[in-house]
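Novice: What follows is a structure written as structure tokens; I'll ask about it next.
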Amino acid sequence: MPKKYLQFLAVFSLLLLSNTAIAAINPYFSKDKIDPTKIDAPFDSESQEFKNEIKEILKFQQDLIPEELKAARAERHLKPEMIGEAEYPKLTRQKYPHLYHLLDRSKDTASMAVWKSKDYWNKKRPYQVDKRVKILMPTSGSSSYPSGHTTKSYVVAHVLSLLMPENVNRFK
């Protein structure tokens, strides 16, 4: 993931934590405050970087283990519990409702940023560019960049690492 994008996400996470008092009423910030040009442009479909990504996808598909695909399908709709409880089984929504409220709002605000950026960059998905790439899961129909799952997972993990700095390496 480009360094500029990770820096954007780190600042984004800190903004989220500074506004928790209004989280129940409003998003952490409005969609018009998001500048999609703050992240690196996606690779051009003719670039060597993009061709390398296609090679990686094709290798992954060739070596795919059916159990991994089943697990990925089960995790298609990201929930903060998938990250928090994976590392700490006792970190449940029932025991820590305020934490999960923060994580839900963080994920939802990240999703808003992703959608604005996807609309701006309008990058085709690999299977739309290269017919050798198979569709293994239902698609959202949105553009591919930036990755919603990657962004939302990173934001949730980053917020957890800020709240529990002694365990930062477990969440990243």
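The values are calculated or read from the model by the stated rules, or taken from the named source; none is laboratory data. Just so you know, these numbers come straight off a predicted model, no measurement behind them. Here the Cβ positions follow ideal geometry from the backbone for every residue, glycine too, while neighbour counts run over all protein chains shown. All accessible areas refer to the heavy atoms of the entire protein, side chains included, with ligands and DNA or RNA removed. Shrake-Rupley method; radii C 1.70, N 1.55, O 1.52, S 1.80 Å.
Novice: Just the number please: accessible area per residue for the range 59-172, 1.4 Å probe, all protein chains included, in Å².
Specialist: 61 Å²
Novice: Related question: So for the pair residue 81, residue 116, with labels modelled 7 Å out along Cα→Cβ, what separation do we get in nm?
Specialist: 3.1 nm
Novice: Tally Lys and Arg at +1 and Asp and Glu at -1 over the other residues with C-beta under 9 Å from the C-beta of residue 149: what net charge comes out? Walk me through the numbers before you get to the answer.
Specialist: On the way: positive: 76, 152; negative: 75.
Net local charge, residue 149 excluded: +1.
Novice: Another question, then. Under a crude label model (7 Å from the Cα following the beta-carbon direction), how far is residue 72 from residue 59 in nanometres?
Specialist: Those two pseudo-labels are separated by 1.5 nm.
Novice: Right, here's the next one. Please report, as a whole percent, how much of the solvent-accessible surface of the range 28-172 comes from carbon and sulfur atoms (probe radius 1.4 Å).
Specialist: Working: 4860 of 9070 Å².
C and S atoms contribute 54 percent here.
Novice: So what is the relative contact order for the range 65-172, in percent, with contacts set as C-alpha pairs under 8 Å and at least six apart? Please report the intermediate quantities before stating the final value.
Specialist: Working: 86 pairs, mean separation 32.5, N = 108.
Once divided by the residue count of the range 65-172, the mean separation gives 30 percent.
Novice: Here is a follow-up. Give me the net charge of residue 104's neighbourhood, meaning all other residues with Cβ under 15 Å from the Cβ of residue 104; Lys, Arg count +1, Asp, Glu -1.
Specialist: Details: positive: 79, 93, 105, 107, 152; negative: 81, 85, 108.
Around residue 104, the charge tally is +2.
Novice: With θ taken as phi - 60° and the coefficients 6.51, -1.76 and 1.60, list the Karplus ³J(HN,Hα) couplings across the range 65-70 in order, rounded to whole Hz; mark glycine and proline as x.
Specialist: Karplus-based 3J(HN,Hα) across the range 65-70 equals 9, x, 5, 5, 5, 4 Hz.
Novice: State log₁₀ I(q)/I(0) for the range 14-158 at q = 0.13, 0.16 Å⁻¹ as given by the Debye formula over alpha-carbon point scatterers of equal weight, solvent excluded.
Specialist: The calculated log intensity ratios at q = 0.13, 0.16 Å⁻¹ are -0.72, -1.02.
Novice: Could you work out how far apart the two model spin labels at residue 90 and residue 124 are, taking each label as a point 7 Å from the Cα in the direction of the beta carbon, and quote it in nm?
Specialist: So the label points at residue 90 and residue 124 sit 5.2 nm apart.
Novice: For residue 32 and residue 164, what is the calculated FRET efficiency with R₀ set at 30 Å and r taken between the beta-carbons, to the nearest 0.05?
Specialist: On the way: r = 33 Å, r/R0 = 1.09.
Computed FRET efficiency for residue 32 and residue 164: 0.40.
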